[in-house]
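This report refers to the structure that appears directly beneath it.
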There are 2 protein chains.
Amino acid sequence: MRNVKTVIIGVGNIGNLHASNLLSEEIKGIELVGFCDTNPLKLEAAKKKYGADYHFYTQAEDVFADERVDAVIIATPHYDHPVLAIAALKAGKHALVEKPAGVYTKKVREMIEEAKRHPNLTLSLMYNQRMNPTYQKAKELVETGKIGELRRTNWIITNWYRSQSYYNSGGWRATWAGEGGGVLLNQDPHQLDLWQWICGMPERIYSFAYYGKRRNVEVETEVTAYAEYPNGATGVFVTTTTETPGTNRFEIVGSQGKIVIEEDQLKFWRTVMDETEWNDTYQGGFGEPEVWEIKIPVVFDGQTGHKKVTQNFVNHILYGEALISPAEDGIYGLSISNAIHLSSWTESWVTLPIDEDKFLEELTKRVEGSKEKTVEEQVLDTDGTY
Amino acid sequence: MRNVKTVIIGVGNIGNLHASNLLSEEIKGIELVGFCDTNPLKLEAAKKKYGADYHFYTQAEDVFADERVDAVIIATPHYDHPVLAIAALKAGKHALVEKPAGVYTKKVREMIEEAKRHPNLTLSLMYNQRMNPTYQKAKELVETGKIGELRRTNWIITNWYRSQSYYNSGGWRATWAGEGGGVLLNQDPHQLDLWQWICGMPERIYSFAYYGKRRNVEVETEVTAYAEYPNGATGVFVTTTTETPGTNRFEIVGSQGKIVIEEDQLKFWRTVMDETEWNDTYQGGFGEPEVWEIKIPVVFDGQTGHKKVTQNFVNHILYGEALISPAEDGIYGLSISNAIHLSSWTESWVTLPIDEDKFLEELTKRVEGSKEKTVEEQVLDTDGTY
């Protein structure tokens, strides 16, 4: 079967990361054939960096109209993700979409509906952290009942440090019009996806968000969200871009065990009896069920999640391999993200699924008041980002 | 100077712990001379356990009227703590009061006012965890500016596991009339005190509390509280008695460093430059200040905090040694506790200092609807409690 001829749309930080991945030759069955960016300077830089033997486009429409192209990787600012994905599908192209799936669920839902109309095309999302073996193991433990019934989740994810200099590297960055959000939209989509991928969707959210706190930006730079799950479990999600050294600690507690993931280490404890049953029968006053600490091997194979998800995208196109992060999964993490924003704006509980029109109305107000920053555009070194 | 002749009022779990401490002879300058309990069965049990060579009282008034007594240790249910402390002071007795200082701040404020009228008497609180060297070191690091300006606090304290059997061990336990609260009043007073002792008082609180969740009791068994501090820092406090194995992890983040205390280990990281200054000058896009992990010795000397605080109480009486947890400190942690309850009852922000009359009004409603459980009273083994 011939290689999947692929164009990268959006040649910023992440677009360049994709180019470097494709050129590594570690991903089989795919061929980088071109670059598209509306900014001619970025296109020029790509030409200088990668050579002139590629197709170069300033308009995505031209990529979609080009019969030499099989697939696109969409690495533009967030608003355009579902818009371009829909256009790609309509033009008969496969698409791998960077996170987040979009800025608001209503548009992502349209993208998912469009994908259903093209069963022969592949639409995948770059939820590369789903390939992290610690999160995969946590999901396995939860899904196979090893922690019993879910009781409590807690993710402190504050190691997304971003300086003012980072925010100043693009006029669209951290604006309502350009990104549609801050840490929730740009840095946290992975964690918001993994949170629900492993623990399931919460039922309602209450949140506390701070906009432009410690950074001169329009959007949120610090958030604490509280979640309630349908079964009575509760959850906390704490995030900021202004903390150093940051924390990345994810705790999942069930009726029969606890998982803690921190610094790529997974710890697992299990009680010999489910707490509910133990509590129903124990008569000794003080006392607690016996707990075993269990060491579970978690094997890292060295390849990045980005490459693995890209390989999976290619393998789905070529061989029908099951997708790791299919398009329809894009709605979940974004729903939580939208709910967190909406709760902080309305200072009230937000029940999921969210009122999409209400969210869009509130977002639109902010977009209308949004101002692009006057800065010099820069392509940054993405070492250390995901 | 002669020994401080002391009576223990309330011979339940903690009263017995105090008796055992005093009889260990590790605390110098104090002599256990008697026991007081309104429950004759408990008094009888104490007589059997400790011998008949003590004074035994069924009424606290009789202790206070007894000229052979210099001091009392108040280890009764919570409501009586400030009531008995006030009566003790009025009768010219020194008093060491178990945590919490009381159930509602209005009464504790009366106790503090009474103490001011008796400068020659000692009124101390059993905040024995202030003697834990990890918390002392954290307080030192914060107070001497080693973490810069406070940014974020996070305490997950869910290792207060209590079974239904524990709750059934006393009819007054975990009732509004008997205890005036659940995990916040009985288990968390230490953490609520340490939280403010180390990080200062928050400005306002929003909380989520669940009453009788997973246990057949009236009061809260699971709480998540969110705090804002005057300088813009934020905090989260998560607690429950129904989780096993529980977590006890306290994270304190500043503009120049981070402290994490978990499993009696203190970890400390420090950036070489304050984040605010670094962020103001850095121009490199992605990037983060250099971080040093610093190992700080924390020395445990083996003596329990209970004994140390008792020794401090005695030394204050005999030699004027500065009190570790003076009476006036009792208001702070309890204010936070009351604010958390009030926020969950009113489903709104509660600003500190709280509206004490409003709190008492809301508490009284619950006390009026409160029902004592019909159970057989038990004195439990307190190994493993604090």
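Odds and ends about this structure:
- Using a 7 Å Cα-to-Cβ projection, B:Thr276 label spacings across copies, nm, ascending: 5.0
- Projecting 7 Å from Cα along the Cα-to-Cβ direction, the label point of A:Asp264 sits 3.2 nm from its equivalents in the other copies, listed shortest first.
- In sequence order, calculated HN-Hα J values of the range B:278-287 (Karplus, 6.51, -1.76, 1.60; Hz; x Gly/Pro): 4, 4, 5, 10, 5, 10, x, x, 4, x
- Interface area, B with A, accessible, probe 1.4 Å, both sides summed, Å² nearest 100: 4900
- Charge dipole of the protein assembly as shown (Cα centre as origin; +1 on each Lys and Arg Cβ, -1 on each Asp and Glu Cβ, all else neutral): 440 debye, rounded to the nearest 20.
- The magnitude of the dipole of chain B, with charges of +1 and -1 set on the Cβ of Lys/Arg and Asp/Glu and taken from the Cα centre, is near 580 debye.
- Prolate/oblate/rounded call for the range B:92-171, Cα gyration tensor, a/c under 1.5 rounded: oblate
- Residue mean of other protein chain beta carbons inside 10 Å, B:272-284: 3
- Under a 5 Å amide H cut-off, with hydrogens placed 1.01 Å from N, B:Gly182 pairs with B:Glu220 among residues at least 5 apart or on other chains.
- Sorted largest first, the principal axis extents computed over the alpha-carbon atoms of the range A:274-361 equal 60, 45, 22 Å.
- Positive end of the dipole of the range A:209-343 (Cβ unit charges, origin at the Cα centre): among A:Ile294, A:Thr276, A:Ser335, the Cα lying farthest that way belongs to A:Ser335.
- Measuring between alpha carbons in the structure, the pairs from A:Lys42/A:Lys139; A:Lys42/A:Lys307; A:Lys49/A:Lys373; B:Lys42/B:Lys307; B:Lys42/B:Lys116 lying more than 32 angstrom apart are A:Lys42/A:Lys139; B:Lys42/B:Lys116.
- Residue (of B:Asn168, B:Thr105, B:Ala52) at the positive-pole extreme of chain B, dipole from beta-carbon charges: B:Ala52
- Our coupling estimate for the range A:309-318, obtained by passing each phi through the Karplus curve with A = 6.51, B = -1.76, C = 1.60 and θ = phi - 60°, is 5, 5, 4, 4, 4, 5, 5, 5, 5, 7 Hz, Gly and Pro reported as x.
- For the range B:47-122, applying the loop criterion from DSSP together with a ceiling of 12 other beta carbons within 10 Å to the GluC sites (Glu not before Pro) yields B:Glu67.
- The simple spin-label model puts a point 7 Å past each Cα toward its Cβ; for A:Ser24 and B:Lys49 those points are separated by 6.5 nm.
- Of all DSSP beta bridges in chain A, antiparallel share, percent nearest 5: 60
- Under the Debye formula (equal points on every Cα, no solvent term), log10 I(q)/I(0) of the protein assembly as shown at q = 0.05, 0.10 Å⁻¹: -0.31, -1.02
- Between 0 and 90°, nearest 10: helix A:80-90 axis offset from chain A longest Cα axis: 70
- Three principal axis extents describe the C-alpha atoms of the range B:93-224; from largest down they are 45, 40, 28 Å.
- In loop segments of the range A:270-343 as defined by DSSP, the chymotrypsin sites (Phe, Trp or Tyr not before Pro) with at most 11 further C-beta atoms inside 10 Å of their C-beta are A:Phe300.
- Positive-end residue of B:Leu185, B:Thr221, B:Ile198, charge dipole of the range B:154-247 with Cβ unit charges: B:Thr221
- Per-selection Kirkwood Rh - the range B:165-228 (Cα, Å, 1 d.p.): 12.8
- Once the Cβ-Cβ distance of A:Asp357 and B:Glu293 is raised to the sixth power relative to R0 = 35 Å, the FRET efficiency obtained is 0.10.
- By the equivalent-ellipsoid construction on the alpha carbon gyration tensor, the range B:38-163 comes out with semi-axes of 34, 20, 14 Å, ordered largest to smallest.
- Ranked from shortest, the separations from the 7 Å Cα-to-Cβ label point of B:Glu143 to its equivalents in the other copies are 5.2 nm.
- Compared with its chain on its own, the range B:214-243 contains the following residues whose accessible area drops by 10 Å² or more in the full protein assembly (probe 1.4 Å; ligands, DNA and RNA excluded): B:Arg214, B:Arg215, B:Glu222, B:Thr224, B:Tyr226, B:Glu228, B:Gly232, B:Thr234, B:Val236, B:Val238, B:Thr242, B:Glu243.
- Working note: 222 nm ellipticity from helices only, DSSP H runs with n ≥ 4, each -39,500 (n - 2.57), summed and divided by the residues of the protein assembly as shown, gives -10000 deg cm²/dmol to the nearest 500.
- Excluding exposed DSSP-loop trypsin sites (Lys or Arg not before Pro) (at most 13 other C-beta within 10 Å), longest clean stretch of chain B: B:118-294
- Of the GluC sites (Glu not before Pro) found in the range B:1-40, those that fall in a DSSP loop while having at most 16 other beta-carbon atoms within 10 Å are B:Glu25, B:Glu26.
- Between the helical axis of B:40-50 and the longest alpha-carbon principal axis of chain B there is an angle of about 80 degrees.
- Taking a straight Cα-Cα cut-off under 17 Å and skipping sequence neighbours fewer than 8 places away in the same chain, the aspartates and glutamates within cross-link reach of B:Lys146 are A:Glu243, B:Glu251, B:Asp274, B:Glu275, B:Glu277, B:Glu290, B:Glu293.
- Per-residue 3J(HN,Hα) values for the range B:180-188, derived from phi via the Karplus relation 6.51 cos²θ - 1.76 cosθ + 1.60 with θ = phi - 60°, read x, x, x, 4, 5, 8, 9, 9, 8 Hz in sequence order (x marks Gly and Pro).
- On Cα atoms only, tilt of A:133-143 relative to the major axis of chain A in degrees: 50
- Normalised per residue, the accessible area of the range A:63-160 is 33 Å², obtained with a 1.4 Å probe and no contribution from ligands, DNA or RNA.
- Three-way shape label, chain B, alpha-carbon gyration tensor, a/c 1.5: prolate
- A simple charge model with +1 on the Cβ of Lys and Arg, -1 on the Cβ of Asp and Glu and nothing else charged puts the dipole of the range A:174-246 at about 140 debye relative to its Cα centre.
The values are calculated or read from the model by the stated rules, or taken from the named source; none is laboratory data. Since the structure is predicted, the reported quantities are computational estimates derived from the model, not experimental observations. With ideal geometry, Cβ positions are generated from the backbone for all residues, glycine too; neighbour counts draw on all protein chains shown. For the accessible areas, the whole protein counts, side chains as well, though only heavy atoms, and no ligand, DNA or RNA atoms are used. Shrake-Rupley method; radii C 1.70, N 1.55, O 1.52, S 1.80 Å.
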